[in-house]
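The values are calculated or read from the model by the stated rules, or taken from the named source; none is laboratory data. If you're wondering where the values come from, they're calculated on a predicted model, not measured in any experiment. Ideal geometry is used to build each Cβ from the backbone, glycine not excepted, and the neighbour counts take in all protein chains shown.
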Amino acid sequence: MNRWATGLWVGFLFSIPLWMTDQYYLHILIVAGIFIIAAMSLNLLLGYTGQLSLGHVAFFGIGGYTSALVSLGFDLELTDSYTFVFPAQPVWIAFLAGIVVAGFFGWLIGKISFKVRGAYFVIVTISFAEVVRLVALNWIDLTEGPMALNNIPPFTLGVPGLWELTFWRKIPNYYLVLVTCILSYVVIARLVGSRLGRAMIALRENEPLAASVGVDVTRSLVLAAVVSAAIAGAAGGLYTHYIRIIDPDVFLFIYTVTMVIMVVTGGKGTLAGPIVGGLIFGILPEALREVASPEMQWVIYGVLMILIVYFLPDGIVPAVSSWWKERFDAPPKTGEERA
Amino acid sequence: MSAAPRSREVVLDIDRLTIGFGGLVALANVSFDVYEGEIASLIGPNGAGKTTAFNAITGFLSVSGDSIRYRGKRLNGLRPNQIADLGVVRTFQKTSVFAANTVTDNIMIGLHRHAGARLWEILLARPRVRDEESRLRAQAGEILEMMGLSAHAEELGGALPYGEQRLLEVAVALAAKPTLLLLDEPVSGMNPSETARFMAMLGRIRAGGITILLVEHDMRMVMGVSDRVIVLNQGAIIAEGAPEEIQRNPEVIRAYLGHGADKRRASKREAGRA
Amino acid sequence: MDQFLQHLLNATMLGGTYALLGIGLTLIFGIMRVVNFTHGELYTFGAYMVFFFTMTLSANFFLALVFAMVLGIALGAAIEFVLLRRLRGASIDTTMLVMIGAWIAMQNTEQLAWTGVAKSVNHPFPIDPLVIGPVSVSWIRIFVFCVAIMLIVGTHLLIHRTRLGKAMRSTFQDRETAALMGVNINAIHTATFALGSGLAAAAGALLGPVFVLVPGMGDMAALKSFAIVILGGMGNFMGAALGGFLLALVEELGAGYISSGYRDGMGFLIIIVVLIFRPTGLFARAERIG
């Protein structure tokens, strides 16, 4: 995509709240945007380093819970006589804390991924997410368990006392998600286009060869995992302060599957893939609502995923871009799309 | 070819290297040296332990102890990328390129060690990053030029014809700027004219100050380019010397004939198995 | 001490079914290199089939168990034939994605078929437990344990004493050589997947009457199977059998002495710890697929 097309796209996205008056549609776009951010972060691991992380929702949930707890404040009874009291913090600080904590867990998983690979890595990541879910469910003193954390404050903008805008309504939240989305895209695009991203791609393509020319396997994987987890944590934070309630169900495996479907359908290892996949699977449920029950939708998703793997293994974006090239015979690109 | 350059400095020092796989001894007390600036060849029948030695030297096989030194530094226990940082870079027996990347990008990955942009600089798109990228791209162009691959620069690595892929492998290794280059059967599968071109290429690489250790089955090539030949059989060194000496050595002849091998078939089998 | 004995007994009873689950999964992984995410769904399928035959069709309980297992085998063969056969030689990630798709589709089909309301299966065993000194155990659990052990021994014999088992073992060791020796790899894969699925369905059919049935019950079963397989080392038959008992013991003790809320978490902790410190499994020295 050239600069003009990109500019046009971004302009279009910024204009949506101006003409789309139905708040419900805006809500769908906000949630889809949050999932797109999460899918983009998963794509960094799955698409660029080739590590199938199926516990990705853990980072999302950890970011969300951390952000919620920091903004609400909490106290922990450490011993009978001492209770640790953490006062409520502004939402922005909470949001950053969520990103940092999620990034830390990404670092842990990255370290592990060096030792356990392939099928083992997949199972470790699933287990990690399940352990985190069980902790969220059972550590009631901290997380309220299944009763959920309620009344989470929304984002605010401005200087306290002077002028403040609290993000109660859809429109500011839409822009917040859009800006975060663009930032995440830029971070990932710059990273994968750099020498560090080349190292990640090299690991995916041929790990022994990459190591033999001096690519540090551990460091590249850890870097990818940290950035990926931090972005997923940001998505979790956005979700929490938008929906304003979070419970352990946020860690359900089905959400990881949703992200995987988005990435695989759109095209893993492409920058646009998670966006295309995210839009499809963010909006499709609403389109199917009238005709199919949620279970039926999931059956359709499952079948769709199988069909995509069989018939469109690289996903929509590479298929469309190669069709485009053939059709219009554009000058050959330097392989940057699927680099 | 010149006689063994004994006067020169030892760069790679293998001292009593022993490797076993669950009761099976792959290498037993193997000692040999590689000298600065030479082309040394490691030959031997299938299963003699040549590739095992390569894997041990380059860290793909972890060996404890202190049996492998490069320019005085111990390589035992280091990971492949750390060994590459010391200047020891290898190629693989089975064709090994980054198939989904363009030829230029293959070289750019090879240049990884020679770029220093930090994460924050990359995320902030500092001018330094762009300068470094164009510097790398220019260097990649030079390497492709030297290897005669410029015409394929924008093709995918995996889409190249076989002979070109083998050249690309060497180009990727060269991009890492080794001081010792280990080549594992680089001409297997090449036709005679490609092999001849490759031999000329080796001379140029050596002229650039790179020491070369070669594993190869093509005896004509080995005898044609090597300063020194080291013969492994069943995990032990049975002969070492200038190519002419090796060709006359009765024990070497017996080792090869004993395996009933015509060498070509052997080389094919080993290449296929890798 | 009495309490400990009771935990030990419970763990043994549960361990038999866990071992079944683990063996089924480890066979499929070892021979086919497929991470079978539908394993838990076959478990669920087995349980619901028993429900269907006994409660809906009023069939005999024991007959229902046999039907459930046979149908599980058939379903497994169908999955292999339709989904996996064309993926031979594909990367393990590709097959994993397909299996995840199949898992999601199957689980929600079950949800559609049986609704989310929990169901229970009646069984012909006395309600009063058997009391032996300080401990007690229900009759149905004894029955489940015995059948599980019989199936484990049966599978072991199948692998070691039959031509099919021999072909499976040689495929496990070296697929290319086995193919050259005339082993029909396609048939072996179908048989393996069917057998593994049958064991999962049997585990579900056996545990269904002990617990209640919900369509999502397979998730925990699948994840526990993974834990067992990793404990035992992937592809390791005896390892999976021992791993099943070990997981049951760890869960039982964890639930008894730490917190029942973390009962299901034990398996995942085991996975993480074992993979980090001993990725070949605890029983790496034990025989592998025979």
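Observations, loosely collected:
- Boolean, residue C:210 is out of contact with any Lys or Arg (no Cβ under 8 Å at 6 or more places or on another chain), surrounded by fewer than 23 Cβ atoms within 10 Å (Cβ to Cβ), at pLDDT below 95 and outside any helix (DSSP H, G or I): no
- Being at positive phi, of a type outside the set (Phe, Trp, Tyr), out of contact with any Pro (no Cβ under 9 Å at 6 or more places or on another chain) and more than 8 Å from chain A (Cβ to nearest Cβ) is a condition met by at least one residue of segment B:64-71.
- In the set (1) surrounded by fewer than 17 Cβ atoms within 10 Å (Cβ to Cβ); (2) under 16 Å from residue A:95 (Cβ atoms), the condition left unmet by residue A:186 is number (2).
- Helices (runs of 4 or more DSSP H) (entirely within segment A:158-271) containing at least 1 residues that are closer than 15 Å to residue A:64 by Cβ: A:170-192, A:217-243, A:253-266
- Residues in segment A:31-78 that are crowded, with 24+ Cβ neighbours inside 10 Å, touching a Lys or Arg at 6+ places or on another chain (Cβ under 7 Å) and within 13 Å of another protein chain (Cβ to nearest Cβ): A:46, A:47, A:48, A:49.
- Against the test of being buried (at least 23 other Cβ atoms within 10 Å of the Cβ), closer than 25 Å to residue C:231 by Cβ and modelled with pLDDT of 90 or more, the options C:25, C:65 yield a single qualifying residue, C:25.
- Qualifying residue in segment B:168-184 (condition: surrounded by 20 or more Cβ atoms within 10 Å (Cβ to Cβ), away from chain A (no Cβ under 14 Å) and of a type outside the set (Val, Ile, Thr)): no
- Where a residue in segment C:260-275 is facing another protein chain (nearest Cβ under 7 Å) and its partner, wherever it lies, is surrounded by fewer than 21 Cβ atoms within 10 Å (Cβ to Cβ) and basic (Lys, Arg), with Cβ under 8 Å and at least six apart: C:275/A:115
- Qualifying position, being over 20 Å from the mean Cα position of the chain (by Cα), crowded, with 21+ Cβ neighbours inside 10 Å and either assigned to a loop (DSSP other than H, G, I, E, B) or within 14 Å of chain C (Cβ to nearest Cβ) (or both), among A:109, A:152: A:152
- Segment B:112-124 - residue that is within 8 Å of chain A (Cβ to nearest Cβ) and touching a residue at least 12 places away in the same chain (Cβ under 8 Å) and, of those, nearest to residue A:199 (Cα to Cα): B:112
- On inspection, residue B:131 fails the criterion of being farther than 27 Å from residue B:191 by Cβ, acidic (Asp, Glu) and within 18 Å of the chain's Cα centre (by Cα).
- Any hit, segment B:117-128, residues being surrounded by 20 or more Cβ atoms within 10 Å (Cβ to Cβ), under 24 Å from residue A:208 (Cα atoms) and in contact with a helix residue (DSSP H, G or I) (Cβ under 9 Å, 6 or more places away or on another chain): no
- The set of residues from segment A:79-106 being buried (at least 21 other Cβ atoms within 10 Å of the Cβ), out of contact with any strand residue (DSSP E or B) (no Cβ under 9 Å at 6 or more places or on another chain) and away from chain C (no Cβ under 14 Å) comprises A:94, A:95, A:98, A:99, A:101, A:102, A:103, A:106.
- Segment A:299-315: number of residues that are touching a residue at least 40 places away in the same chain (Cβ under 8 Å) and assigned to a helix (DSSP H, G or I): 5
- Test for residue C:105: is it touching a helix residue (DSSP H, G or I) at 6+ places or on another chain (Cβ under 9 Å), free of Cβ contacts under 8 Å to residues at least 12 places away in the same chain, outside any helix (DSSP H, G or I) and closer than 22 Å to residue C:226 by Cβ: no
- Scanning segment B:94-110 for residues that are among the aliphatic types (A, V, I, L, M), facing chain A (nearest Cβ under 8 Å) and within 20 Å of the chain's Cα centre (by Cα) turns up B:97, B:99, B:108, B:109.
- Complete set of residues in segment C:89-128 that are more than 13 Å from chain A (Cβ to nearest Cβ) and closer than 24 Å to residue A:264 by Cβ: C:89
- Apart from one condition, residue C:75 fits all of (1) in a helix (DSSP H, G or I); (2) away from chain A (no Cβ under 14 Å); (3) free of Cβ contacts under 8 Å to residues at least 12 places away in the same chain; the exception is (3).
- Residue C:253 touching a residue at least 12 places away in the same chain (Cβ under 8 Å), within 29 Å of residue C:123 (Cβ to Cβ) and either within 14 Å of chain A (Cβ to nearest Cβ) or crowded, with 20+ Cβ neighbours inside 10 Å (or both): no
- Condition check for residue B:227: on the phi < 0 side of the Ramachandran plot and modelled with pLDDT of 90 or more: yes
- Which listed residue, of C:177, C:192, is touching a helix residue (DSSP H, G or I) at 6+ places or on another chain (Cβ under 6 Å) and either at pLDDT below 95 or not in a helix (DSSP H, G or I) (or both): C:192
- Restricting segment A:280-302 to residues that are farther than 15 Å from residue A:257 by Cα and under 19 Å from the mean Cα position of the chain (by Cα), the residue that is nearest to the other protein chains (Cβ to nearest Cβ) is A:284.
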